[in-house]
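**Q** One structure, as structure tokens, below. Some questions next.
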Amino acid sequence: MEHHRHDVVVVGAGIAGLYAAMKAGESADVGVLSKVYPTRSHSGAAQGGSAAALGNEGEDSWEYHLYDTVRGGDFLGDQDAQELLVKEAIPVTYEMEHLGLPFSRTPEGKIAQRPFGGHFSKFGKGPVKRSCYVADRSGHAQLHLLYEQSLKQGVRFYNEFLVTSLIIEGGVCRGLVALEIRTGNLHAFWARAVMLATGGYARAWRVTSNSHANTGDGLPLVAKAGVPLEDMEFVQFHPTGLYPHGILVSEAARGEGGYLFNGEGVRFMEKYAASKMELAPRDVVSRAEQTEIDEGRGIDGGEYLNLDLTHLGADAILERLPQIHELVVKFAAVDCTKKPIPIQPTAHYSMGGIPTDLDTRVLLDGKKQVVEGLYASGECACVSNHGANRLGTNSTMEAAVFGRRGGIAMAKFVRGAGPILPGDERDTAAAEEEIEALRSRTGRESAKVIRAELQASMTENVGIFRTAEKLQKQVKFMQTLKERFKEVGVSDGSRAFNTELTELIELGGMLDFSEIISVSALARQESRGAHSRKDYPKRDDVQWLRHTLAFREADGSIRLDYKPVVINRFQPEERKY
Amino acid sequence: MERQFRIYRYNPEVSPTPSFKTYTVDVQPAWTVLDALNAIKWDQDGSLTFRRSCRHGICGSCGMKINGKNGLACEIQVESLKGVITVEPLHGFRILRDLVTDMDGFFAHIEAVKPWLIAGTPPTDGERLQSPEDRKQLDGLYECILCGACTSACPSYWVNDDFLGPAALLKAARYVMDTRDEGFAERVDVLDSRNGLWRCHTIFNCVEACPKSLNPTEAIVKLRQKLTALKI
Amino acid sequence: MTVNRGHGSGGFWWWLMQRVTGILLFPVLLLHYVATHLQTSHFVEYDKIAARVATPTWKFLNIAFLTIVLFHGLYGLWNVLLDYLSKKPALRAVLFSLIVTIGLALYVLGLVTIIPFSA
Amino acid sequence: MMYRWHPGYIAWLLNRVTGLAVTLYLGVHIWVIHHLGQGREGFDHVMKFIQSPVTMVFELLLIGAVLYHAINGVRIMLVEFAGVSRHQKAVFVGVLGVAGALFLAAIVVAIPHITAH
Ligand SMILES: Cc1cc2nc3c(=O)[nH]c(=O)nc-3n(C[C@H](O)[C@H](O)[C@H](O)COP(=O)(O)OP(=O)(O)OC[C@H]3O[C@@H](n4cnc5c(N)ncnc54)[C@H](O)[C@@H]3O)c2cc1C
Ligand code: HEM
Ligand code: SF4
Ligand code: F3S
Ligand code: FES
């Protein structure tokens, strides 16, 4: 096994990982591992932009942004973290501009801003333009910028390395083991600080906006070390997935003024959010859509609705939403300057994840005690910026703000910490054994079938609307799937680029956290944000204004614990749009 | 509908010689070539190897040659293709396995053009201003997804993989054409070198190949004009 | 991964000269053709061209033509070779000397034909 | 290796072939003309040898090559300096048109020369 050493090792090269690498790289020796080439990371798919209360196009302030974020998250977000997010969003946006991000511009040459669902001015009263964007390729531009800046900082990249385990001993993270996909060899990385920035996990659902790589790999890695996963039941379904692929049609389409119609030609949002209409938060719009579809008012009674942009005019569409236009032509053969776009809700974003403190340090007990040298940021983490439901454009901003904070914190930490503890084969033996065992499996189960059944059952039972009955069914079914997973064989005997093996590793992880999601969702007997229980349709602040912490015990069972929400500014109130 | 896919197979651990293997796939409506490749991998032959991630044409993973044309497998509808569909890896790069090529050199060339803004101290209290017209200069440049389809199609790159290639030169233009950038002089060293701008013979294969309808030749030509203005 | 940039060899001026000589070749080539092939009858014979070639104006024009076309053609040839020689510095050096030698030889050959010529 | 046939690629291939062919000819040509210096006898001897109908046809082809290369050279420079890269295909058709027309004219002029032998 080859051994490598860096002060800081970052796992994941999306916006979060790269921002951290770039910042830490200013003073420390940084290595970045990613299972895909950095610019292939899922962050590149983000279209609509990143929220920051610059007030370039009308009045805005970070207090308004904070209020929207708190309320959008149905009061489950930690308000100290949320305050950091909305405050630091402003200098971070300027920093990205200074680094060269090609923002779209206002006529005066300032960073252009557009409206987005759930964002308002004057504490929910007026409209606001808050999303800073690069046409509809915002994530793409940010991802490339941060990759290039990391190169400039001399960050060392290990591309197409799949991390398979963390080495955590006595509450200290010493390094990790990764599979070099190109050769099939295992490598050990030793570091003083390790950051997980492995992104989201909506691939566990059948209809999803996420890339094939979004299999949530980071979560099972830490769960195995006894770290709990926080608020995993909160998974966002985006209202406008292109039918039938689930590929995302950015919320910018509604931000720019698109309308939603049902099969009867009615702008059905009137019924669900009369004042904000299409610009209500995502959970609200997705539920409205699902209700329309379930009650037979889909287009031609089918499983989709229409998103109409035609009234915006071809020029405006081509100028501000060029990528959406291209995407819809390519994947649905629809010219959205002339015809409405067929859409459906699509699994999109994971609010929950690895619990961290405000400096992105991973919390061993989910509350106070940190794992020394282990950090997490971006979509895989949960500082709880988004609570029960994330607002559009807040997540790339979270990845940037907290990736950056993590980078700075790690650089500071490694300056003070002792030398990198060198490890040897004894430390990595277990990790190696595990992979070798997987590689030589000969069972007759098919990974594809298990994956498909997982995705179908999660969509059916842990989808937009949930009930105790469905969730119980899913918890049981997860056991069956996990048993069957042990019988999956690997037909490809080669070492180099064995993607059958890497997909299997990813599937194992998905089964792991999907079970945690189901158990967490079953326990939460209320409806809040994206977690909507038909059997408990109301929010219950007395019982459930608290974060779920799900521990994977040594015997494989799941133990639930809870912690209070940080509420220091806005008291919970009814959420109406 | 049943369609046949003739796919380039190469696995040096098994055989030193590449071959083609034909698979029959029951293609569903609206399937892309990537959907079909996934179906083959998952149902018929687990050893078939290719890269994919975003599956909607934004990450650049799945660049390959489909019926003789470079493109993104995830964007090309199977219905739009006729007859037996031939799928090959991108030419010009070393093939690692099946449809997977070695992109390290490609990315090293991107790095070589110093793809970062080189500029003086920015204002402390806000953004640099840039007019919408100035910003427009970057359209057609910043959208590149680094899929490699252009460089793979360039005859000059085939015979000389030290040539920076259209993608790296387009990336250079992305920064050079930015009105905020002051680093052109620093980049001259690499642009005006033996394997830089002058290895492009305006063949336009790159333009033909780019799945994002970008125009690397135009970018290259703009760099030459800039250089001409600087030198004369 | 290191990148072979072929340091120090520039290329701008060569590239520009290729364009400049290309443009200059236009009138010069035209003149050459008209004078040699259209102004004469069916055969190119000594008598028909010797008188013209011996005049100072034509000597000047021919030297210019020779210089420009040799530069353009041989640099063009070299530029083609460069496409194939990035990884072969030794061969590159040999071929470069060879082209320069051939170029000089042809230039001298041309000059000794043009300059001392009298009909 | 090959990508696809399209105007830009064909234009470049032809440019390269014609450029190299004409350069080769140039070398021979300088050597031939050098016989001028050997006076009437030497020169006419060589010329006789060279000016057969076959070589005349060959020379005609050469004119075609020069014409293409020269007009296409203009195309290259239009692309490089006049920003016509988005219309390069149309410009290439133009190049073929102009070069073809001039070549026809050259043939008309040349035929009596050739048949006179
Ligand atoms: C289609 C779409 C559009 C979106 N649009 C917006 C938007 O407009 N605005 C907004 O704010 N948010 C948007 N989001 C959400 C936002 O893009 C993501 O939340 C954010 O980009 C996540 O960034 P990240 O850095 O955490 O993770 P990612 O960008 O997903 O990066 C994860 C990284 O981890 C690596 N990795 C994962 N597992 C492993 C492993 N085992 N070993 C090694 N490496 C590993 C991957 O290779 C990758 O580099 C959108 C999301 C989607 C799906
Ligand atoms: C009016 C006349 C001419 C013009 C406008 C012209 C123009 C050009 C141009 C612009 C190029 C550069 C091509 C590139 O970079 O891809 C070129 C290349 C070349 N030219 Fe010419 N040229 C002319 C005449 C000639 C003549 C008479 C010769 C032969 C002696 C010649 C030989 C070459 C060669 C060998 C090349 C290199 C080809 C290549 O790189 O593929 N040219 N010419
Ligand atoms: S220019 Fe086009 S073909 Fe080339 S890498 Fe970029 S997107 Fe791909
Ligand atoms: S194909 Fe190659 S030669 Fe130039 S125009 Fe494109 S880079
Ligand atoms: S999978 Fe991302 S471009 Fe095709």
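The numbers here are math on the coordinates, done by the rules we state, and not lab data. Quick caveat: nothing in here was measured; it's all calculated off a predicted structure. Positions of Cβ are backbone-derived with ideal geometry, glycine not excepted, and every protein chain shown enters the neighbour counts.
**Q** Give me the net charge of residue D:40's neighbourhood, meaning all other residues with Cβ under 9 Å from the Cβ of residue D:40; Lys, Arg count +1, Asp, Glu -1.
**A** Surrounding charge for residue D:40 is -4.
**Q** Next up: Could you tell me which helices of chain D pass both thresholds, a Cα extent of 27 Å or more along their own axis and a mean Kyte-Doolittle hydropathy of at least 0.5, with helices taken as whole DSSP H runs?
**A** D:7-33, D:53-81, D:88-115
**Q** Which of the pairs B:231/C:87; B:65/B:114; A:367/A:476; A:35/B:21; B:114/B:226 have their Cα atoms more than 19 Å apart in this structure?
**A** B:231/C:87; B:65/B:114; A:367/A:476; A:35/B:21
**Q** How far is the Cα center of region A:140-185 from the Cα center of region A:509-571, in Å?
**A** Here the two parts' Cα centres lie 31 Å apart.
**Q** Take every residue in peptide D:23-35, count the Cβ atoms of other chains within 10 Å of its Cβ, and give the average of those counts.
**A** Average per residue, whole number: 5.
**Q** Per residue of region A:246-262, in order, report the coupling 6.51 cos²θ - 1.76 cosθ + 1.60 (Karplus, θ = phi - 60°) as ³J(HN,Hα) in whole Hz, putting x for Gly and Pro.
**A** In residue order, the calculated couplings are x, 4, 6, 9, 3, 4, 3, 4, 7, x, 7, x, x, 10, 9, 10, 9 Hz.
**Q** Then there is this: Arranged by the count of other C-beta atoms within 10 angstrom, fewest first, what order do C:13, A:190 take? All intermediate terms of the calculation are to be shown ahead of the outcome.
**A** On the way: C:13 11, A:190 20.
Ascending Cβ contact count within 10 Å gives the list C:13, A:190.
**Q** While we're here: Which one, A:378, A:189, D:22, is farthest towards the positive end of the dipole of the protein assembly as shown when Lys and Arg carry +1 and Asp and Glu -1 on their Cβ?
**A** It is D:22, whose Cα lies furthest towards the positive end.
**Q** A further question follows. At a temperature of 10 °C and a viscosity of 1.306 mPa s, determine how fast region B:111-232 diffuses translationally according to Stokes-Einstein, using the Kirkwood radius over alpha-carbon pairs as Rh; express D in µm²/s, rounded to the nearest whole number.
**A** After rounding, the answer is 107 µm²/s.
**Q** For region A:217-326, run through the GluC sites (Glu not before Pro) and keep only the ones in DSSP coil with at most 12 other Cβ atoms within 10 Å of their Cβ.
**A** For GluC sites (Glu not before Pro) across region A:217-326 that sit outside H, G, I, E and B with at most 12 neighbouring Cβ atoms in 10 Å, the list reads A:264, A:295.
**Q** Find the lysine pairs in region A:57-164 meeting two conditions, Cα atoms under 26 Å apart and a separation of 8 or more places or different chains, and report how many there are.
**A** Working: A:87/A:110; A:87/A:122; A:87/A:125; A:87/A:129; A:110/A:122; A:110/A:125; A:110/A:129.
Lysine pairs, 8 or more places apart or on different chains, close enough: 7.
**Q** Right, something else. Hey, fewest Cβ within 10 Å first, where do C:69, D:74, A:542 land in order?
**A** Least crowded to most crowded, the residues run A:542, D:74, C:69.
**Q** With a sphere of radius 13 Å drawn around the Cβ of residue B:185, what net charge do the other residues whose Cβ falls strictly inside it have (Lys, Arg +1; Asp, Glu -1)?
**A** Summing Lys and Arg as +1 and Asp and Glu as -1 gives -1.
**Q** For residue A:358, what is the net charge nearby, where nearby means another residue's Cβ is under 13 Å from its Cβ and Lys, Arg count +1, Asp, Glu -1?
**A** -2
**Q** Output the 0 to 90 degree angle, nearest 10, between the alpha-carbon long axis of helix C:89-114 and the longest principal axis computed from the alpha carbons of chain C.
**A** 10 degrees
**Q** Further question: Could you run the Karplus curve 6.51 cos²θ - 1.76 cosθ + 1.60 with θ = phi - 60° over region A:495-503 and give me ³J(HN,Hα) per residue in whole Hz, x for Gly and Pro?
**A** Values, residue by residue: 8, 6, 6, 8, 6, 5, 5, 5, 5 Hz.
**Q** So, one more: Tell me what the protein assembly as shown gives for mean residue ellipticity at 222 nm when only DSSP H runs of n ≥ 4 count, each as -39,500 (n - 2.57), the sum divided by the residue total, rounded to 500 deg cm²/dmol.
**A** -14000 deg cm²/dmol
**Q** If only Cα atoms are counted, what is the Rg of the protein assembly as shown, and what is its Dmax, in Å?
**A** Rg then Dmax for the protein assembly as shown, in Å: 33.2, 118.
**Q** Residue-wise, which Karplus ³J(HN,Hα) couplings in Hz belong to region A:6-23, taking 6.51 cos²θ - 1.76 cosθ + 1.60, θ = phi - 60°, and x for glycine or proline?
**A** Result, rounded to whole Hz: 9, 4, 10, 10, 10, 9, x, 10, x, 4, 5, x, 6, 4, 4, 4, 4, 5.
**Q** Still on this structure: For helix A:394-416, what angle does its Cα long axis make with the longest principal axis of chain A, in degrees from 0 to 90 and rounded to 10?
**A** Roughly 30 degrees, rounded to the nearest 10.
**Q** To the nearest 20 debye, what charge dipole does the protein assembly as shown have about its Cα centre, counting +1 at the Cβ of each Lys and Arg and -1 at the Cβ of each Asp and Glu?
**A** 1980 debye
**Q** For region A:313-435, report the translational diffusion coefficient in µm²/s to the nearest whole number, using Stokes-Einstein at 20 °C, 1.002 mPa s, and a Kirkwood Rh over Cα pairs.
**A** It comes out at roughly 116 µm²/s.
**Q** Fewest Cβ neighbours within 10 Å first, please rank A:182, B:187 accordingly.
**A** Listed from fewest to most nearby Cβ atoms, that is A:182, B:187.
**Q** Do me a favour and compute the ellipsoid semi-axes for region D:8-115 from its Cα gyration tensor, root of five times each eigenvalue, largest one first, whole Å.
**A** 33, 16, 10
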